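> Got a structure here, written out as C-alpha cells. Questions coming.
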Amino acid sequence: MQTKTKNKITVRKLSCSYGHHLAVGGVDIEIPEKEITAFIGPSGCGKSTVLRSLNRMNDTIPNTKVSGEVNIHFNSDEKAQNIYDSNIDVIALRRKVGMVFQKPNPFPMTIYDNITYGPKLFGVKGKKELDDIVEQSLTFAALWDEVKNKLHTSSGQDLSGGQQQRLCIARALAVGPEILLLDEPCSALDPIATVKIEDLLIELKKYLTIVIVTHNMQQASRISDKTALFWVNEKNKAGELVECKPTIELFSNPQDQRTEGYITGRFG
C-alpha cells in the first residue's frame with residue numbers, strides 16, 4: 001500500500017494586495033513534500049505573487065497587504081506554522097524557504113564567496129566547514145566539476161547564464177533550506193542550459209520541496225508532479241486559482257475550460 005504524500009505547505013484563503021489593487025484573492029492550495037509543484041497561467045494572474053508569499057518576499061514590496069494563512073510543516077516542528085504569525089523570524093524563515101529569481105543574480109564576488117555568503121551570515125566560520133559547504137552545494141547544483149579550479153579566481157558574474165543560475169541555486173542550497181522557490185528560472189536560458197536546470201530540479205526533489213513558476217507548459221509537464229493553473233478574474237481583475245491537481249491529470253483531463261484553453265494554446 002502506497003504511503004500518502006505529506007503536504008509540506010498548506011495555503012488557506014490567501015489574498016495579496018499592492019496598495020488598492022487586489023493582486024490575488026482567496027487562494028487555497030496544498031503543496032506536497034519532496035515533489036515539484038508548478039504554477040502556470042497567463043501574465044498578471046498572480047502566480048509569482050503567490051510564490052513570493054511562501055517565504056514572505058512580498059514583505060519587501062511597499063504597501064503590500066497579505067491575509068490568510070501559509071502553513072508550513074518544518075522538519076524540526078511537530079505542528080505546521082503559519083508563517084504570517086507575529087512571532088515568526090522572517091530571516092530564519094527565508095533560510096528554510098530559499099528563492100531563485102528569473103534573472104540570475106550572482107554577487108560581484110568570487111564563486112567561493114557567493115556560496116559562503118549565507119552560511120557566514122548565519123554564523124559558520126570554520127574554513128573546513130565552509131569548504132565542505134561549497135563543494136556540497138556546487139555538487140548538488142551540478143556545477144562543481146565546471147568551477148572547482150576557479151573558486152577563488154573567478155567572479156560569479158564571469159560564468160555563463162546557465163552556470164550563473166546554477167550558482168544561484170547552489171547559493172540557496174548552502175544554508176540548508178527545506179523548500180526551494182523558483183520564479184521562471186529558465187526564461188533567460190538557452191535550451192541546453194534549461195535541460196541542465198530541469199535535470200537538477202528533478203534530482204533535488206529527493207531532498208527538497210520545490211515550487212516553480214513557469215510560462216513553459218512543456219517544462220511543467222516534464223518536471224512537475226503537481227500543477228496549479230492561475231487566471232485573472234474578469235470581475236475584479238485579481239488573480240485566482242482555477243484548479244490544482246497531479247500534472248498528468250491536469251494536462252490530460254482538465255476540469256475547467258480555461259485550463260483546457262490555456263494548455264491547448266487557444267487563449268491565455
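> If ILE210 meets every condition in (1) in a loop (DSSP other than H, G, I, E, B); (2) open to solvent by less than 30 Å² (accessible area, probe 1.4 Å); (3) hydrophobic (A, V, I, L, M, F, W, C) apart from one, which number is that one?
Of (1) in a loop (DSSP other than H, G, I, E, B); (2) open to solvent by less than 30 Å² (accessible area, probe 1.4 Å); (3) hydrophobic (A, V, I, L, M, F, W, C), only one is false for ILE210: (1).
> Would you check which residues across region 88-113 are without any contact (Cβ under 8 Å) to a residue 60 or more places away in the chain, closer than 20 Å to GLU178 by Cα and not basic (Lys, Arg) and list them?
ILE88, ASP89, VAL90, ILE91, ALA92, LEU93
> I'd like to know if region 223-234 contains one or more residues that are modelled with pLDDT under 95, surrounded by fewer than 18 Cβ atoms within 10 Å (Cβ to Cβ) and within 24 Å of GLY161 (Cβ to Cβ).
No, region 223-234 has no match at all.
> Moving on to the next point. Please state which one of LYS96, LYS125 is modelled with pLDDT of 95 or more and among the basic types (Lys, Arg).
From the options LYS96, LYS125, the qualifying one is LYS96.
> May I pose another question? What number goes with the only condition from (1) within 22 Å of ALA174 (Cβ to Cβ); (2) open to solvent by 50 Å² or more (accessible area, probe 1.4 Å); (3) touching a Phe, Trp or Tyr at 6+ places or on another chain (Cβ under 9 Å) that PHE101 does not pass?
(3)
> Okay, moving on. So, of the residues in region 141-185 that are assigned to a loop (DSSP other than H, G, I, E, B) and of a type in the set (Gly, Ala, Ser), which turns out to be nearest to ARG95 (Cα to Cα)?
GLY176
> Related question: Collect the residues in region 235-268 that are open to solvent by less than 40 Å² (accessible area, probe 1.4 Å), part of a loop (DSSP other than H, G, I, E, B) and touching a helix residue (DSSP H, G or I) at 6+ places or on another chain (Cβ under 6 Å), keeping them in residue-number order.
Within region 235-268, PRO254 is the sole residue that qualifies.
> Next question, about the same structure. LYS6 versus (1) over 30 Å from ASP158 (Cα atoms); (2) open to solvent by 60 Å² or more (accessible area, probe 1.4 Å); (3) without any contact (Cβ under 8 Å) to a residue 60 or more places away in the chain: which is the lone unmet condition?
With respect to (1) over 30 Å from ASP158 (Cα atoms); (2) open to solvent by 60 Å² or more (accessible area, probe 1.4 Å); (3) without any contact (Cβ under 8 Å) to a residue 60 or more places away in the chain, LYS6 is out only on (3).
> Then there's this: Cβ-Cβ under 7 Å, sequence separation 6+ or interchain: first residue in region 64-84 and more than 22 Å from GLY19 (Cα to Cα) and at pLDDT 90 or above, partner surrounded by 16 or more Cβ atoms within 10 Å (Cβ to Cβ) and among the aromatic types (Phe, Trp, Tyr). Which pairs?
GLN81/PHE74
The values are calculated or read from the model by the stated rules, or taken from the named source; none is laboratory data. Owing to the predicted nature of the structure, the values given are computational and were not obtained by experimental measurement. Don't worry about glycine lacking a Cβ; one is built from the backbone with ideal geometry, like all the others, and counts go over all protein chains shown. Just the protein is used for accessible areas: all its heavy atoms, side chains included, with ligands, DNA and RNA removed. Shrake-Rupley method; radii C 1.70, N 1.55, O 1.52, S 1.80 Å.
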